[in-house]
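Enquirer: First the structure, then my questions, so here it is.
The values are calculated or read from the model by the stated rules, or taken from the named source; none is laboratory data. No experiment lies behind these values; they were computed from the predicted model shown. Ideal geometry is used to build each Cβ from the backbone, glycine not excepted, and the neighbour counts take in all protein chains shown.
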Amino acid sequence: MSESGERGPRVGTTLGRESTAPTMHLDHDACYHAVQSRDRRFDGWFFVGVTSTGVYCRPICAVRTPLQKNCRFFATAAAAEKAGFRPCLRCRPELAPGHSLAEMSSSLARAAARMIDEGFLQQHDLAALAAAVGVTDRHLRRIFRAEFDVSPIEYAQTQRLLLAKQLLTDTDMPVGDIAYAAGFGSVRRLNSGFAEHYGFAPTRLRTRAAPVPRSDDGATLMLGYRPPFA
């Protein structure tokens, strides 16, 4: 990855342009940020080719970070070598974990799902989520649907509805507070979501649920798990 040494090829080939295989659509800025920080979460998700040296590396390579203008990003080692780059002798791309395209796509989709579970889309849009995992929003939608059979937005809506359902059933929080806590932003949107997906009003769950003892220490919720729990 070092800037020193013999100049390599001028690389203008777009990943996958001449291939019928599925390709990753990598966000250049997000990938470069991962290279700068040597973020180990991205090891094996992509490789960086440096046009000034003709070498391609893992994003965690310990040598000096190249200039951004000299970086080309590839989803696989094969794509980097097809573009004329040779493997780095220091970081050894052949040792990168989980470098099959199918495995990377699954990992990216699940990473995005975890961020949705943690409420990322309550404060950011889909483009920001895609950038956070290092791909374009179009590619994120494609790999997410392949992994979960729904779009990221549909997945997020289900998570909001299920959280609201749990809060309505297991707590005595006011409906307005639940709407905001679950990410709907208003009671109207909460009502609309329940009507569209479940066919009844949220308050129906409140009338069917057992009385919940009021506590000043916060809400107590049940957490799901798969046995054995040890």
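Enquirer: When you scan the range 140-154, do you find a residue that is within 29 Å of CYS31 (Cα to Cα) and in contact (Cβ under 8 Å) with a residue 60 or more places away in the chain, even just one? Walk me through how you get there before you give the answer.
Expert: First, the residues of the range 140-154 that are within 29 Å of CYS31 (Cα to Cα): 140-154.
Of the ones still in play, those that are also in contact (Cβ under 8 Å) with a residue 60 or more places away in the chain are none.
So far as the range 140-154 goes, no, none of its residues is within 29 Å of CYS31 (Cα to Cα) and in contact (Cβ under 8 Å) with a residue 60 or more places away in the chain.
Enquirer: Taking into account only those residues within the range 170-187 that are at pLDDT 90 or above and part of a helix (DSSP H, G or I), which is farthest from ASP125 (Cα to Cα)?
Expert: Here the answer is VAL175.
Enquirer: Go through LEU161, LEU167, LEU108, LEU121 for me and flag whichever is more than 15 Å from the chain's Cα centre (by Cα), in contact (Cβ under 8 Å) with a residue 40 or more places away in the chain and surrounded by 13 or more Cβ atoms within 10 Å (Cβ to Cβ). Before you say what the answer is, go through the steps one by one.
Expert: On the way: LEU161 fails: in contact (Cβ under 8 Å) with a residue 40 or more places away in the chain; LEU108 fails: more than 15 Å from the chain's Cα centre (by Cα); LEU121 fails: more than 15 Å from the chain's Cα centre (by Cα).
Every option except LEU167 fails the conditions.
Enquirer: Taking only pairs six or more apart or across chains, which ones have beta-carbon atoms under 9 Å, a first residue in the range 61-86 that is in the same structural domain as TYR32 (by TED's automatic domain parsing) and at positive phi, and a second residue that is at pLDDT 95 or above and assigned to a strand (DSSP E or B)?
Expert: GLY84/GLY49
Enquirer: Regarding ARG114, is this residue modelled with pLDDT of 85 or more, in the same structural domain as ALA34 (by TED's automatic domain parsing) and of a type in the set (Lys, Arg)?
Expert: no
Enquirer: What number goes with the only condition from (1) within 26 Å of ARG38 (Cβ to Cβ); (2) touching a His at 6+ places or on another chain (Cβ under 9 Å); (3) surrounded by fewer than 20 Cβ atoms within 10 Å (Cβ to Cβ) that ARG114 does not pass?
Expert: (2)
Enquirer: Another question, if that's okay. For the range 58-87, which positions are modelled with pLDDT of 90 or more, among the hydrophobic types (A, V, I, L, M, F, W, C) and touching a helix residue (DSSP H, G or I) at 6+ places or on another chain (Cβ under 7 Å)?
Expert: The answer is ILE60, CYS71, PHE73, PHE74.
Enquirer: Continuing with the same structure: Do we have ALA21 as exposed (fewer than 15 other Cβ atoms within 10 Å of the Cβ), assigned to a loop (DSSP other than H, G, I, E, B), of a type in the set (A, V, I, L, M) and at pLDDT 90 or above here?
Expert: Numbers: exposed (fewer than 15 other Cβ atoms within 10 Å of the Cβ): yes; assigned to a loop (DSSP other than H, G, I, E, B): yes; of a type in the set (A, V, I, L, M): yes; at pLDDT 90 or above: no.
Judged against the criteria, ALA21 is not a match.
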